[in-house]
Each structure stands twice: as C-alpha cells, then as structure tokens.
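These notes are about the structure you will find just below.
The values are calculated or read from the model by the stated rules, or taken from the named source; none is laboratory data. For clarity, every value in this text was computed on a predicted model and none was experimentally measured. Heads up, the Cβs are rebuilt from the backbone with ideal geometry, glycines too, and the neighbour counts pull from every protein chain shown.
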Amino acid sequence: MSEPVDRARSALTEAPVDRLVDAVADVLAGSYGITAVELLQVDYRLAALVPLGPEEPVTSPGHPAWRCFDHQEPVRDGHTAYVPVSMRGERRGVLRLAPVPDASAVLAELAEIATALAHELAAVAAGTDVYRAARRTRRLTLAAEMQWELLPGRSRNRPAFRLAGQLEPAYAVRGDSFDWSDDGHRLWLAIINGTGEGVAASMLTALATSALRNARRAGLPLADQAALADQAVYDQHRGERYLSALLMELDLASGVMTAVDAGSPRLVRVSDGEVTEQPLEAQFPLGMFEGTDYREQRFPLRRGERLFVLSDGVMEAAGQHARYGETALDRFLRRTGPMEPLDAVRSLLGDLRAFVSGDLVDDAVVVCLDWTGPDA
C-alpha cells in the first residue's frame, strides 16, 4: 500500500464525521496536487448524483460521473477524473477530482482512497445526517424515511453471489421493503409486500422486519422465523392487518435455496436467456390468522442463474399499458443478463416509470440475486 493511501486512511479515521471529504482533500492536495475534490452521492431514486455542496445534481446518463458509477471504474475527462466510492458492492457515489496526473498508478491509488472513503461513510452514517440529507433531491415522506432506515443497503457482492434491491416510489414508499444478511455460509433474504397507507404501513413493515431479524439472529429455521413474525403481527392487529412476504435462505456451499411463501411477491428465474416463474407453495400472509404453521420448500440454483423478486406494484404498473404487459416484462428481464444486479433493478424500474409517465402509483420492490457459485 502506498504512503498516500496510508495517509488517507489515517486521516479518515481521525477526522470529524462531517469532514471526511475535507480530510481526503488535504491528503490529495499534498500528495498529488489535486485541488478540487467533490463527493457526488447517488440519490434514493438512483437517478441523480448529488454533490454535498449547492451545485446541481448530475442527471445526464452520458456524463462521465455516471459512466464511472455504472461501470464501477475510474473515468478520465481531460484533467478531471471520476472514481467510484463503493465498498463490498454497495455503491455510494463518485469522487470528482481535478487536476489528476496522467498516470495509471495514481488512478489506482485514488481508487483505493475512494474505497476507504466509502467504508468510512458507512461507519459514520448512524451518527450524522450530513450525508443522508445531502443525497436526496427532494424531501422524503415520513413513511419513506422510516422504510429507508430499515434497509441493509441497496447492493452487496461476495464471491458466491451478487445482490441488489430498490424501493419505488423512492421518496414516498410506504409498506414495501426488503432485508438481507449473510454469514459466509448462508444468505437470508426477506422481501415484504406491505399493505396500507402512510406511516401505518411503514410501522407494520417495521414490526414484521424486526420480528424476522429477531428470529433469524436467534438461529431459528426459516419456517419458525415466519411463524414468529406472523404471531408478532397478529398479536398487534388480531388479523385486521397483515402483510405478504417471501423468505429465502441460500446455502452458499451448495446453491440450494429454501423458501417460505407467505402470500409472497412473484419469484422469477432467468437462466440461459429463459425466463420462468418459480412455483411456490402459497401460504397465509403474516398476521392473517393466529398460530399459522409455515412450511419450507427447497430448490437448487444453477451456477450463473439470476433470480428476480417482483412485488405487486411492479406487476400492476406493467399491466397498466398494453405495450408493457407480462410478456414485455419477461422480455425486459431477459435483456438484463449482461447487467450487474443494481443496474438491472434500476433499469427495470426506470423503464416502468417511463411507461407510466412518472412515479409508480403503488409501492414496488424489486430484488435481483445472482448465484455465481460457492465461495472459494
């Protein structure tokens, strides 16, 4: 590791939470003569790269900053360079730097420094609003604020899998959500198709998500996780309110998926250019009845296979126009094969927004999972 990278890491860990970019800028000025350093964070909608300062967001798809974000590689534009700010597959944004020396070794070191910044941004997120507040292009509704605080992130990579998810309408989502966790042996996924309006919908989803996490962290099997969440929701609402969920657990050594369908969203498999719906044993939504017993089902994934989980909001938006029905949706999913999961999710939701000429009316959640094979 080079001396500038070491200095940047030390500066980041010692800097006040609101001065992370300033700490990086001081190191870059002294080491490379870079005098302009700007952090562009991707917004909640995945449609704008938003500066910390008062400058206008970058929204043009062909802009060098977006090329850097999309391809996750440094991009030069004259004396300016754009470097991805990402960690473990979670894309937080882009660093815009100028003037940058014309040397590949320098660009590689700048990429390391940007990764260190991404890790530090994640570390301080719970203790400051500086970065959260700056990456929104408009105000979140209260319900949406609650939903985004529940999420584990929007993308995750490791040798065995690549994973991404997104909520829509991003600034006004109510009840749809997702959760995930992995321990090196298993990956757990929960996709919730919430019901209701406003804060009440977010509170119901928060209750179910917390109950599922509590059961998962206690080491309970997937069916028991569903049963505990079901009981928690029923105890609060006595069957008057409930919500659908799909719970999945992937064995990272074998590629065998375990699933519990509690009135779940649609699960689609994309493999070798073919799109097929995975049959699931339909069971009652969480909280509909007291003491529901849930059953697990298992199916193997093939190396290189992709899964999409699509909530009702996606299916309803796709059905609003004759041009974009279920057949067209399957065709679009097939075309996402070369894309990274986050790009596939973003492209699908962006295409749906274009067809409905604005935000989706109903809540929608899309999660994309690639099974790439066992960890070495």
Lone unmet requirement of (1) within 26 Å of ASP230 (Cα to Cα); (2) in contact with a Pro (Cβ under 9 Å, 6 or more places away or on another chain); (3) of a type in the set (D, E, K, R) for ASP183: (2)
Among PRO101, PRO54, PRO84, PRO74, which is surrounded by fewer than 16 Cβ atoms within 10 Å (Cβ to Cβ) and over 17 Å from ARG136 (Cα atoms)? PRO101
Any pair with Cβ under 6 angstrom, 6 or more apart, that starts in the range 350-376 at a residue that is within 17 Å of ARG174 (Cα to Cα) and ends at one that is polar (S, T, N, Q): ALA364/SER311; VAL365/SER311; VAL366/GLN166
Pair list, Cβ < 7 Å and 6+ apart or interchain, from the range 147-174 residues that are assigned by TED's automatic domain parsing to the domain that holds SER210 and assigned to a strand (DSSP E or B) to residues that are buried (at least 20 other Cβ atoms within 10 Å of the Cβ) and among the basic types (Lys, Arg): SER155/ARG91; LEU163/ARG156; ALA164/ARG154; GLY165/ARG154; GLN166/ARG154; GLN166/ARG346
Screening ALA354, ALA328 for residues that are of a type outside the set (Asp, Glu), under 17 Å from GLU277 (Cα atoms) and out of contact with any strand residue (DSSP E or B) (no Cβ under 6 Å at 6 or more places or on another chain) leaves only ALA328
Name every residue in the range 111-134 that is assigned to a loop (DSSP other than H, G, I, E, B) and either in the same structural domain as GLY194 (by TED's automatic domain parsing) or free of Cβ contacts under 8 Å to residues at least 12 places away in the same chain (or both), in order of residue number. ASP129
Just checking, does the range 61-69 include any residue being in contact (Cβ under 8 Å) with a residue 40 or more places away in the chain and not in a helix (DSSP H, G or I)? no
Just checking, how many residues over the range 348-376 are touching a helix residue (DSSP H, G or I) at 6+ places or on another chain (Cβ under 8 Å), surrounded by fewer than 20 Cβ atoms within 10 Å (Cβ to Cβ) and part of a helix (DSSP H, G or I)? 3
Of these, GLY194, GLY175, which one is closer than 20 Å to PHE284 by Cα, crowded, with 20+ Cβ neighbours inside 10 Å and out of contact with any Lys or Arg (no Cβ under 7 Å at 6 or more places or on another chain)? GLY175
Taking the conditions exactly as written (assigned by TED's automatic domain parsing to the domain that holds ARG174, closer than 22 Å to ALA190 by Cα and modelled with pLDDT under 80), does GLU340 satisfy them or not? no
Search result, residues across the range 1-34 that are among the β-branched types (Val, Ile, Thr), out of contact with any helix residue (DSSP H, G or I) (no Cβ under 6 Å at 6 or more places or on another chain) and surrounded by fewer than 18 Cβ atoms within 10 Å (Cβ to Cβ): THR13
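A quick yes/no check of all residues on (1) farther than 23 Å from ASP312 by Cα; (2) out of contact with any strand residue (DSSP E or B) (no Cβ under 6 Å at 6 or more places or on another chain); (3) of a type in the set (S, T, N, Q); (4) in the same structural domain as GLY165 (by TED's automatic domain parsing):
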residue	(1), (2), (3), (4)
GLY196	no, yes, no, yes
ALA215	yes, yes, no, yes
LEU228	yes, yes, no, yes
GLN231	yes, yes, yes, yes
MET248	no, no, no, yes
Can you tell me which residues in the range 209-226 are surrounded by 18 or more Cβ atoms within 10 Å (Cβ to Cβ) and farther than 11 Å from LEU247 by Cβ? THR209, ALA211, ARG213
For the range 71-82, what are the residues that are within 20 Å of the chain's Cα centre (by Cα) and closer than 28 Å to THR128 by Cβ? GLN72
Outside the structural domain of PRO341 (by TED's automatic domain parsing), among the polar types (S, T, N, Q) and over 30 Å from ASP351 (Cα atoms) - does that describe any residue in the range 67-79? no
Give the residues of the range 231-272 that are of a type in the set (Ser, Thr, Tyr), within 30 Å of THR327 (Cβ to Cβ) and assigned to a loop (DSSP other than H, G, I, E, B), sorted by residue number. SER264
Check ARG136 against each of (1) farther than 27 Å from ARG213 by Cβ; (2) of a type in the set (Lys, Arg); (3) buried (at least 18 other Cβ atoms within 10 Å of the Cβ) and name the one condition it does not meet. (1)
Could you go through the range 90-102 and let me know if any residue there is at pLDDT below 95 and not assigned by TED's automatic domain parsing to the domain that holds ARG353. yes
